[in-house]
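Before any comments, here is the structure.
The values are calculated or read from the model by the stated rules, or taken from the named source; none is laboratory data. Values in this document were obtained by computation on a predicted structure and should not be read as measured data. Neighbour counts run over all protein chains shown; Cβ positions are idealised from the backbone, glycine included.
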């Protein structure tokens, strides 16, 4: 068996530059700042630093800003998409993921400016075009939201 010195070794953490090379999302819809604790094909933790400067807080709600639940779920999906991109070495290769379903979604506590949202994503099914994840959004170790999300991978090759 030969060893290839140039074989791809997936990172265990990625920064915003790498996230942008995997996801097509940009401000104001890029909802993760970092992904850490990556176990390729299995799990990761996305990190979202929630700030008062985000545009949704102007209307949700002006007197008591609360991060919309749909954006928490979207942040989960983005973290999961980065896990897929890192696992399959798709950075810079035009990958796209498309939401297919959200199941077992529950919101447990408010997420507000100043919070650090940790998105713990675990692969339930993956490896092909369809991936399914279990997600838990935590703030200070407390459960803020949970859901199962499914997405279809589109590598940009129509295959």
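Would you mind telling me which numbered condition in (1) surrounded by 14 or more Cβ atoms within 10 Å (Cβ to Cβ); (2) in contact with a helix residue (DSSP H, G or I) (Cβ under 7 Å, 6 or more places away or on another chain); (3) part of a loop (DSSP other than H, G, I, E, B) residue 92 fails?
Every condition holds for residue 92 apart from (1).
Going by the structure shown, is residue 87 farther than 14 Å from residue 46 by Cα and surrounded by 14 or more Cβ atoms within 10 Å (Cβ to Cβ)?
yes
Looking only at residues in the stretch 114-129 that are at pLDDT 95 or above and within 23 Å of residue 93 (Cα to Cα), which one is surrounded by the fewest Cβ atoms within 10 Å (Cβ to Cβ)?
Going through the qualifying residues, I end up with 125.
Applying the selection to the stretch 95-111, what residues are modelled with pLDDT of 95 or more and touching a helix residue (DSSP H, G or I) at 6+ places or on another chain (Cβ under 9 Å)?
102, 105, 107, 111
Please verify whether the stretch 49-56 includes one or more residues that are over 23 Å from residue 13 (Cα atoms) and in a helix (DSSP H, G or I).
yes
Would you pick out the residues in the stretch 61-89 that are part of a loop (DSSP other than H, G, I, E, B) and touching a helix residue (DSSP H, G or I) at 6+ places or on another chain (Cβ under 9 Å)?
65, 66, 67, 68
Across the stretch 26-39, what is the number of residues that are over 11 Å from the mean Cα position of the chain (by Cα), over 19 Å from residue 120 (Cβ atoms) and touching a residue at least 40 places away in the same chain (Cβ under 8 Å)?
Residues in the stretch 26-39 being over 11 Å from the mean Cα position of the chain (by Cα), over 19 Å from residue 120 (Cβ atoms) and touching a residue at least 40 places away in the same chain (Cβ under 8 Å): 1 in total.
Go through 67, 152, 100 for me and flag whichever is in contact (Cβ under 8 Å) with a residue 12 or more places away in the chain, surrounded by 18 or more Cβ atoms within 10 Å (Cβ to Cβ) and either in contact with a strand residue (DSSP E or B) (Cβ under 8 Å, 6 or more places away or on another chain) or closer than 21 Å to residue 23 by Cβ (or both).
After ruling out the rest, the residue left standing is 67.
Taking the stretch 8-42 on its own, how many of its residues are surrounded by fewer than 17 Cβ atoms within 10 Å (Cβ to Cβ) and not in a loop (DSSP other than H, G, I, E, B)?
7
Residue check: is residue 74 free of Cβ contacts under 8 Å to residues at least 24 places away in the same chain and over 17 Å from residue 127 (Cα atoms)?
no
Please work out which residue is nearest to residue 85 (Cα to Cα), limiting yourself to the stretch 133-146 and to residues that are in contact (Cβ under 8 Å) with a residue 40 or more places away in the chain and crowded, with 20+ Cβ neighbours inside 10 Å.
Selected residue: 133.
When you look at residue 118, is it assigned to a strand (DSSP E or B) and under 19 Å from residue 30 (Cα atoms), yes or no?
Yes; evaluated as a whole, the condition is true for this residue.
Taking the residues in the stretch 103-132 that are touching a residue at least 60 places away in the same chain (Cβ under 8 Å) and more than 25 Å from residue 65 (Cα to Cα) as candidates, determine which candidate is farthest from the chain's Cα centre (by Cα).
Looking at residues that are touching a residue at least 60 places away in the same chain (Cβ under 8 Å) and more than 25 Å from residue 65 (Cα to Cα), I get 127.
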